[in-house]
């Protein structure tokens, strides 16, 4: 009889121990999200449907080529990163020139002449302003500075082959189709972004629940704009 009681007691102790261990078992930390990317400077891209830089109002149709750099997406982890949770911040001269999620910065070549109402607009670059107008470009859409282009338009998550295109402001000798010399439009990052250390940087964060992880960060300093 005593052996049976001992067996029962041992079984009960074992069950309690398992429950306690399960209760206090440390959760395994998942690695933070990450994106593999490549920044290539010294490239060019056609102006995005700007009437003064294109001979018509259709995207990528007979438009001036502007200095640009590409951020090529080579891979990512985990297997799905939602575009609306990926937020791009372009810091210029200490202020946010662009601060918006990648989904809202997407363009689809051939889909229209301008971004829809409510699209992100370009902010401030410290106290520095573009163009000959002397003040401001309030309401200028993001596409004059950068845009996000999906390898397969409409996919809700980031994918290999997606690209972020960032324009650089053309040289003073550049003239637009309306005969403005130099071009007085707000186009691209200022030239000193590439020659002054710490002047301009781009980062992308991924927000999920209460976490906000940095998945991309680079400076424009040292990149070739031509």
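Highest mean first, how do 115-127, 65-77 rank when packing is the count of other Cβ atoms within 10 Å averaged over residues?
Per-residue Cβ counts within 10 Å, averaged per peptide and sorted highest first, yield 65-77, 115-127.
Taking the Cα-to-Cβ direction at residue 39 and at residue 82 and moving 7 Å from each Cα, how far apart do the two end points lie in nm?
So the two model labels end up 2.8 nm from each other.
Give me the one-decimal nm value for the distance between modelled label points at residue 160 and residue 211, 7 Å along each residue's Cα-to-Cβ direction.
2.3
Values in this text are rule-based calculations from the coordinates and carry no lab data. What you see is a predicted model, and the numbers here were worked out from it, not measured in a lab. All Cβ positions, glycine included, derive from the backbone under ideal geometry; neighbour counts span all protein chains shown.
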